[in-house]
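K.L.:
This is the structure, below, for whatever I ask next.
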Amino acid sequence: MGDAEIIPIGTRGRPGRGTGTTPSSAARGLAPGGRPPADRSTGRPTAPRATQDGAHDGWVDEESIGGPRPVEDTAPAAPDAATADSGPEPAAPASEAPDADDAGTATSGTTTADRHPLGAVSPAELMAALTSAAKEVLGPDWEDELARLLAFVRRRLTGDYAVDEYGFDPEVTERFFLTALRPMASKWFRIEVRGIENIPTDSGALIVSNHSGTLPWDGLMTMVTVHDHTGRFVRPLGADLVFRTPLVAQLARMGGATLACSEDADRMLAGGELVGVWPEGFKGLGKPYSERYKLQRFGRGGFVSAALRTRTPIVPLSVVGAEEIYPMLSSMPTLARILGVPYFPVTPLFPWLGPLGMVPLPSKWLMEFGEPVRTDELEEGAADDPMLVFDVTDQVRESIQQTLYRLLMERRSVFGS
């Protein structure tokens, strides 16, 4: 017996049929509304199989139900002569189109607009949502704020802005730096301010404050507090480490800080600026929690010499609350030397919690600006008298220390309101 011709099951044809761009007859019969597969013996389409209720459930091979059945000729009738010249029939109105559930050959399609996330959102709804978001972020006067923001961006792109000889950028400081610090002052530390009237409104002055808290949050809070109450910028005198750190140095310059040297201090005070200085330096900033609110040495009195030379008042500032934001339990001097920093703090949360340990604790702060120390009443050349400089330095230090003790007694709770 010769080799039989092998035809794969379900293909209704020789191998290879139905491949390429044209589907096979079996595949065309499975498609909705497709033409049923033709019988091999008669070449006619197979008849639908009837169910008990008379409905047809699909196309089946006639050989499986007992042979071929006569199929009526379904060729379309010739068009009437009266309508042959009238052209194609107009399409049915949309309201008369068959429903997809009623007609088995109709399918529902999804357009690109339907798949787009904003496909069902009208322009009016989108504009209303953007307007509501702008009011939440920029406030009721969001249109004016947005206009000012766009004007700021334009000036930055065109270079139409000015900085002073120290690199101070007042617009960036007010719009971004102080705006970012303000919630910390009002909501987190809940700063209570006293004696703000002791700061001159239009002339130079030297603000001298105690220093504490492991990180210089007290300097930043002084800047935002003075600006919010007087509208004036505090120009801090920073240590060398600040200006040796790449990114920090640039931000400090933009925020108004300059190097703690007599030349810069003299020029700023003579120019009518509010200059801030923290004479304890890193000795006060990095002292252990057991020595909290005990002032360290104020150096050689360089800040007093600058005030005496420019004949500007000295305003003592006492800050209570900064000692508790990072209770410094100990330090790691070896690691500090490796990193090139004055100290490496160990607190109850740092370094055990990693970056989360750098979040300051929400202690209650009190700031009191004391009675100004007048320098314009002293004789010319007072800055060259070391004993006079020492006496004024000790007077300022003692004023701050006594105010700290008094504020500690008035404070009801470290973290209370």
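Bear in mind that the values in this text are calculations on the coordinates, not laboratory data. Please read these numbers as outputs of a predicted model, since none were measured by experiment. Cβ placement follows ideal geometry from the backbone for every residue including glycine, while neighbour counts extend to all protein chains displayed.
K.L.:
Within segment 235-256, does at least one residue satisfy the condition of being under 19 Å from Asn198 (Cβ atoms), touching a Ser or Thr at 6+ places or on another chain (Cβ under 7 Å) and touching a residue at least 60 places away in the same chain (Cβ under 8 Å)? Can you show your working first?
P.N.:
To start, the set of residues in segment 235-256 that are under 19 Å from Asn198 (Cβ atoms) comprises 235-236.
Remaining after also requiring touching a Ser or Thr at 6+ places or on another chain (Cβ under 7 Å): 235.
With touching a residue at least 60 places away in the same chain (Cβ under 8 Å) added as a condition, the list becomes 235.
Yes - at least one qualifying residue is present in segment 235-256.
K.L.:
Okay, next question. Which numbered condition trips up Val392, out of (1) free of Cβ contacts under 8 Å to residues at least 12 places away in the same chain; (2) surrounded by 16 or more Cβ atoms within 10 Å (Cβ to Cβ)?
P.N.:
Here Val392 meets the rest and fails (1).
K.L.:
Could you check, for segment 259-268, whether at least one of its residues is touching a helix residue (DSSP H, G or I) at 6+ places or on another chain (Cβ under 6 Å), hydrophobic (A, V, I, L, M, F, W, C) and within 22 Å of Phe390 (Cα to Cα)?
P.N.:
Yes, segment 259-268 contains a residue that is touching a helix residue (DSSP H, G or I) at 6+ places or on another chain (Cβ under 6 Å), hydrophobic (A, V, I, L, M, F, W, C) and within 22 Å of Phe390 (Cα to Cα).
K.L.:
Another question, then. Sort out which residues of segment 364-384 are within 30 Å of Pro183 (Cβ to Cβ) and crowded, with 19+ Cβ neighbours inside 10 Å, and write them in order of number. Break it down into steps so the answer makes sense when it comes.
P.N.:
Going residue by residue through segment 364-384, those that are within 30 Å of Pro183 (Cβ to Cβ) are 364-370.
Of everything in segment 364-384, those that are within 30 Å of Pro183 (Cβ to Cβ) and crowded, with 19+ Cβ neighbours inside 10 Å turn out to be Trp365, Leu366, Met367, Glu368, Phe369, Gly370.
K.L.:
All but one of (1) within 24 Å of the chain's Cα centre (by Cα); (2) in contact (Cβ under 8 Å) with a residue 60 or more places away in the chain; (3) more than 30 Å from Val341 (Cβ to Cβ) hold for Asp202; state the number of the condition that does not hold.
P.N.:
For Asp202, the failing item is (1).
K.L.:
If you check Val304, Val315, which single one turns out to be β-branched (Val, Ile, Thr), surrounded by 19 or more Cβ atoms within 10 Å (Cβ to Cβ) and assigned to a helix (DSSP H, G or I)?
P.N.:
Numbers: Val315 fails: assigned to a helix (DSSP H, G or I).
Being β-branched (Val, Ile, Thr), surrounded by 19 or more Cβ atoms within 10 Å (Cβ to Cβ) and assigned to a helix (DSSP H, G or I) holds for just one of Val304, Val315, which is Val304.
K.L.:
Show the residue pairs that are 6+ apart or on different chains and have beta-carbon atoms under 9 Å apart, the first residue being within segment 168-191 and within 18 Å of Asp218 (Cα to Cα), the second being small (Gly, Ala, Ser) and assigned to a helix (DSSP H, G or I).
P.N.:
Phe189/Ala322; Ile191/Ala185
K.L.:
Scan segment 318-354 for residues that are crowded, with 19+ Cβ neighbours inside 10 Å and of a type in the set (Gly, Ala, Ser) and report the count.
P.N.:
Qualifying residue count, segment 318-354: 3.
K.L.:
Moving to a separate point now. Quick one: which residue in Thr179, Thr201, Thr214 is in a helix (DSSP H, G or I) and of a type in the set (S, T, N, Q)?
P.N.:
Values: Thr201 fails: in a helix (DSSP H, G or I); Thr214 fails: in a helix (DSSP H, G or I).
Result: Thr179 is the single residue among Thr179, Thr201, Thr214 that is in a helix (DSSP H, G or I) and of a type in the set (S, T, N, Q).
K.L.:
Moving on to the next point. When segment 241-287 is examined, which residues are found to be in a loop (DSSP other than H, G, I, E, B), surrounded by 19 or more Cβ atoms within 10 Å (Cβ to Cβ) and among the hydrophobic types (A, V, I, L, M, F, W, C)? If you could, list the steps in order and put the result at the bottom.
P.N.:
From segment 241-287, those in a loop (DSSP other than H, G, I, E, B) are 245, 255-257, 260-261, 271-273, 278-280, 286-287; that's our starting set.
Filter again for surrounded by 19 or more Cβ atoms within 10 Å (Cβ to Cβ), leaving 255-257, 260, 273, 278-280, 286-287.
Once the filter is applied, which keeps residues that are in a loop (DSSP other than H, G, I, E, B), surrounded by 19 or more Cβ atoms within 10 Å (Cβ to Cβ) and among the hydrophobic types (A, V, I, L, M, F, W, C), segment 241-287 yields Ala257, Ala260, Trp278.
K.L.:
What is the residue count in segment 182-209 for residues that are of a type in the set (S, T, N, Q) and touching a Phe, Trp or Tyr at 6+ places or on another chain (Cβ under 7 Å)?
P.N.:
Looking only at that region, the number is 2.
K.L.:
Can you say whether Arg232 is of a type in the set (Lys, Arg) and assigned to a loop (DSSP other than H, G, I, E, B), as far as the supplied structure shows? Show your work before the answer.
P.N.:
Numbers: of a type in the set (Lys, Arg): yes; assigned to a loop (DSSP other than H, G, I, E, B): yes.
When the stated conditions are applied, Arg232 passes them.
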